[in-house]
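Contents: one structure, followed by commentary.
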2 protein chains.
Amino acid sequence: MFPKKGRSSLKSRELTAEIIAVGTELLLGAIVNTNAAYLSRKLASIGINVYYQTTVGDNPERIQAAIRLALSRSDIVITSGGLGPTVDDITLPMIAKAIGRPMVFKKCIMDEIKKYFRARGINRITCNVERQAYMPEGAVCFINTVGTAAGVAIHAGKAVIIALPGPPRELEPMFDSTIIPYLRKKGCAGTGVIKTRTIQLTGIFESAVDSRAKDLLELSGSRTVGIYSKPGMVELKITAKAKSAREAEKKIKPVELEIRKRFGDFIFGTDGETLEQVVGRSLAGRGLTIAMAESCTGGLIGHRLTEVSGSSRYFVMGVVSYSNPAKKAILNVKHETLARHGAVSREVAREMALGIRAISGADIGLAVTGIAGPTGGTTKKPVGLVYIALSSKGRTQIRECRFTGDRSSIKWRTSSAALDLIRRSLK
Amino acid sequence: MFPKKGRSSLKSRELTAEIIAVGTELLLGAIVNTNAAYLSRKLASIGINVYYQTTVGDNPERIQAAIRLALSRSDIVITSGGLGPTVDDITLPMIAKAIGRPMVFKKCIMDEIKKYFRARGINRITCNVERQAYMPEGAVCFINTVGTAAGVAIHAGKAVIIALPGPPRELEPMFDSTIIPYLRKKGCAGTGVIKTRTIQLTGIFESAVDSRAKDLLELSGSRTVGIYSKPGMVELKITAKAKSAREAEKKIKPVELEIRKRFGDFIFGTDGETLEQVVGRSLAGRGLTIAMAESCTGGLIGHRLTEVSGSSRYFVMGVVSYSNPAKKAILNVKHETLARHGAVSREVAREMALGIRAISGADIGLAVTGIAGPTGGTTKKPVGLVYIALSSKGRTQIRECRFTGDRSSIKWRTSSAALDLIRRSLK
């Protein structure tokens, strides 16, 4: 059903939104439209129903037609893309045309753009950049902290149009930090809320999670549970609809507790926490330091650990010993261990972990050695065979893993298993 | 402009398609719509223009409205999702309603479903599965080799509707192996092909690329150029439509040469090549080895280099010296250099590069030191300040960079600039 025709004002109860992604590259399939999912999730969280997501190319008539259609059936129309400095970027003039407004030059935006370039040591600006300072008359602008394209809100009749830059790294922070507060202020947030809680598991197969949570996955009505498999983890997502956030939370809680009871230690985080954040918090909380000796992961574990701000408190150093001489010279792995057992072995993993702990002086030494493929595997030591060793005071534990997939996903799974071994050892 | 109203038949020259994804989970943002990109790419490859991608929820009226709208403006309408056995799955009955056809039971489909379950050791089928054997009258069915939902083609007036299952692992093989041949057979494939060539640049701003390629970006007709900004790089994508792949290639070539002439050294790759692949090929080709001393990137450069199969031929080792003691103990950075200039300095970068080259014995030593943020910046040394040093036989060069963005993107840009410095040094 189309949302009621005779809606009275934006403050009506059931607000509907429509998302229009603009960009020929989307229609060519060169880019996946992740913005639609992001915006939909965020809109749901403030009680706004998204009824349509549309994608159009950089075509004047079709952009206008899409905007007019959206305005005829939705309260909030959000566009993404087409705000850049190039001739292809025509979203704003098309919005202006669709609602019959002129484009006007905004000096304040131009000043922000100049500031942006000056901060990057550029004082002469190419004239195409100036295009980004033109806005439909009456537009409210939102500064882009990551790029030069400002965001825009325009009230047209009873509806509001929000135009956002296309790159997710610009769109996401802008939507969170300025658009959501703006919608709330203007009374455009919905009265009901949809809340979700994501429980993240690792070290367990999706099929095992599925069969142990079958009854929960079959819940229907105002409370549902979904299962999603991601590289190195499985997610159970609880969704509840209610009149208030508190009521939604009340519906979520018992399901969450049940999931926690059933899956215990397999659960490492909630609501998008990363393994590296969880591990980092544990290390920082215990005042422990860690050092890494990586072989097949090539530095990925160190990279993931240092994605967390403040990781210098616990991450001392890493060695990527990609060659046997490096394993010997830096980590003091014995020549005979390498010769007898091979670089991918329980014994070498142990010596690498002991070695990195000794030379770094860290409380924990972690080591991985394995075959990421696609070449280098043998019948006895196939691609995907990985040893992970964790050495702490008086104890060294070693795990053997067998992963499948391509080089990149074997590296990723190895790094996840390594981080999970740290997490479990800190329990 | 909407595609011409009075089109004569499906065999007309410029065919347009529209993709409708069905599923409330897409509107909630729980799933990213990768099907739209996949189908668009495949349709482009057989000369069919996609003008719209739409997403609607599991709502009878809105699904019907979307189908009617699509039929009014497109030759080929492809739906994905809503073919499953649950009560939410209503795509087929809604197509039937939209075009005024009854739903009929197809025994041949029911037999296939039974076969599917029998092959998995299941002999008693729950009755909801039977729903999947009902089809709009006149439908042509395509067997699903991966699941139970059959694909469907229905000719309605001058248009054709194709209904596909939602899960990508079911949709993709079905589209490739049965739908594309079906469209070709029915004369629904475009008479021409669309080919693209992507030229990838790094070390230059999007706005600078834009102003230097303005005339190319304004090309219209059967040959166009688009510009896309991605983390650490800018892409120029040439798209050509022609009757044959060879003719399309002929149209692309002169534009590609012009781009290569204008941007020279800023171009690092073509058609999705990564910087690490290009660098790896250069190193392997010259028989050179490399070692890495990373600070703020935490191992990311090593991780990227080792994403390439065969990288053990040139990547010897890496040290992630995340603390000052590690810089001194392992890389032999002098205490006084650290004390006088600070860890983030030209001088420390130089000593790190010399140090890693010396201890590894590699031909090239690369070092990065910087402030990834969000904390740790000062007025003199702000977040985003990075030094990259490259030491080779008899020569050490150092670059100062100032990046913006969050921690993760500063790390990424640093790793790209470092890889680019290696690339340029190997020219």
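The values are calculated or read from the model by the stated rules, or taken from the named source; none is laboratory data. Note that this is a predicted model, so its numbers are computed, not measured. Cβ: placed from backbone, ideal geometry, glycine included. Neighbour counts: every protein chain shown. We work out accessible area using only protein heavy atoms, side chains counted, and drop any ligands, DNA or RNA first. Shrake-Rupley method; radii C 1.70, N 1.55, O 1.52, S 1.80 Å.
Per residue, the average separation of C-alpha pairs within less than 8 Å and at least 6 apart gives chain A a relative contact order of 11 percent. Legend: mean number of C-beta atoms from other chains within 10 angstrom of residue C-beta atoms, peptide B:32-44, equals 5.
Rounded to 0.05, the FRET efficiency of the B:Ile204 and B:Met103 pair, given R0 = 35 Å and the Cβ-Cβ distance, is 0.05. The smallest convex shape that holds all Cα atoms of segment A:191-238, its convex hull, gives 62 Å³ per residue.
Compared with the dominant Cα axis of chain A, that is its longest principal axis, helix A:107-119 is turned about 20°. Over what distance in Å are the Cα centres of segment B:280-331 and segment A:309-347 separated? Each part's Cα centre sits 14 Å from the other's.
Given the -39500 (n - 2.57) contribution per DSSP H run of 4+ residues, what per-residue ellipticity at 222 nm results for chain A, rounded to the nearest 500 deg cm²/dmol?
Calculated from helices alone, the mean residue ellipticity at 222 nm is -11000 deg cm²/dmol.
Between A:Val32 and A:Arg286, the FRET efficiency from the beta-carbon distance, with R0 = 60 Å, is close to 0.90. From the alpha carbon centroid of segment A:218-247 to that of segment A:45-77 is 27 Å. For segment A:16-185, the convex hull drawn through the C-alpha positions has a volume of 110 cubic angstrom per residue. Mean partner shielding of peptide A:56-67, defined as the number of other chain Cβ atoms within 10 Å of each residue Cβ, is 2.
Accessible surface calculations at 1.4 Å, restricted to protein heavy atoms, place the protein assembly as shown at 41 Å² per residue.
Among B:Ala189, B:Ala30, B:Ala248, the largest mean-square fluctuation in a Gaussian network model of chain B, built with springs joining Cα atoms closer than 10 Å, belongs to B:Ala30.
Rounded to the nearest whole Hz, the Karplus-based 3J(HN,Hα) values (6.51 cos²θ - 1.76 cosθ + 1.60, θ = phi - 60°) of segment B:289-302 follow the sequence 10, 9, 9, 10, 10, 10, 10, 5, 7, x, x, 4, 5, x, with x at glycine and proline. Take A:Arg68, move 7 Å from Cα toward the beta carbon, and the resulting point lies 1.8 nm from the same point in each other copy, nearest first.
The protein assembly as shown: percent of C-alpha pairs farther apart than 39 Å? For the protein assembly as shown, the share of Cα pairs beyond 39 Å comes to 46 percent. Rounded to the nearest 10 degrees, what's the angle between the helix A:346-360 long axis and the longest principal axis of chain A, both from Cα atoms, 0 to 90? Roughly 80 degrees, rounded to the nearest 10. Taking other residues whose beta carbon is less than 15 angstrom from the beta carbon of A:Glu137, and scoring Lys, Arg as +1 and Asp, Glu as -1, yields +4. Per atom type, segment A:193-270 shows carbon and sulfur on 54% of its accessible surface, probed at 1.4 Å. When accessible surface is computed with a 1.4 Å probe, chains A and B are found to bury approximately 6100 Å² between them, both chains counted. Prolate is the label for segment B:193-270. Its Cα gyration tensor axes, ordered a ≥ b ≥ c, give a/c of at least 1.5 and a/b above b/c. With a Förster radius of 41 Å applied to the beta-carbon distance between A:Glu137 and A:Lys250, the computed FRET efficiency rounds to 0.30. Kirkwood Rh and Cα-based Rg: tell me the resulting Rg over Rh for chain A, rounded to two decimals. So for chain A, dividing Rg by the Kirkwood Rh gives 1.06. In this label model, A:His335 and A:Ser220 are separated by 7.1 nm, measuring between points 7 Å along each Cα→Cβ vector. In a shell of Cβ-Cβ distance under 12 Å around B:Glu336, excluding B:Glu336 itself, what net charge do Lys and Arg (+1) and Asp and Glu (-1) give? Combined, the nearby Lys, Arg, Asp and Glu give +1.
In plain terms, the bigger the Kirkwood radius, the slower the diffusion; for segment B:268-350, with that radius from Cα pairs, at 20 °C and 1.002 mPa s, Stokes-Einstein puts D at 151 µm²/s.
At full extension, B:Asp271 and B:Thr191 could sit 26.4 nm farther apart than now, given 0.36 nm per residue minus the alpha carbon distance. Is segment A:297-427 rounded, prolate or oblate when judged by the Cα gyration tensor, a ≥ b ≥ c being the square roots of its eigenvalues, rounded requiring a/c under 1.5 and prolate requiring a/b larger than b/c? Oblate.
When chain A is treated as a GNM with alpha-carbon contacts under 10 Å, the residue of A:Leu275, A:Leu69, A:Leu171 showing the greatest mean-square fluctuation is A:Leu69.
Among the residues of B:19-28, the average count of other protein chain beta-carbon atoms within 10 Å of the residue beta-carbon is 5.
Each copy carries a label point for B:Gly342 at 7 Å from Cα toward Cβ; from one copy, the others' points are 4.9 nm away, ordered from shortest. Run the accessible area of segment A:275-425 with a 1.4 Å probe and give the carbon-and-sulfur part as a rounded percent. Reported share for carbon and sulfur atoms: 48 percent. With a threshold of 27 Å on the Cα-Cα distance, the over-threshold entries among A:Lys230/B:Lys42; B:Lys381/B:Lys427; A:Lys114/B:Lys251; A:Lys261/A:Lys427; A:Lys106/B:Lys214; B:Lys158/B:Lys185 are B:Lys381/B:Lys427; A:Lys114/B:Lys251.
Taking the DSSP beta bridges with both ends in segment A:75-229, the antiparallel portion is around 70 percent.
Percent of accessible area on segment A:16-185 owned by carbon and sulfur, 1.4 Å probe? Carbon and sulfur atoms account for 53 percent of the accessible area of segment A:16-185.
Here A:Ser229 yields copy-to-copy label distances, from shortest upward, of 3.8 nm, the label point defined as 7 Å from Cα along Cα to C-beta. Specify the residue with the greatest mean-square fluctuation among B:Arg395, B:Arg223, B:Arg184, computed from a Gaussian network of chain B linking alpha-carbon atoms under 10 Å apart. Among B:Arg395, B:Arg223, B:Arg184, the largest GNM mean-square fluctuation belongs to B:Arg395.
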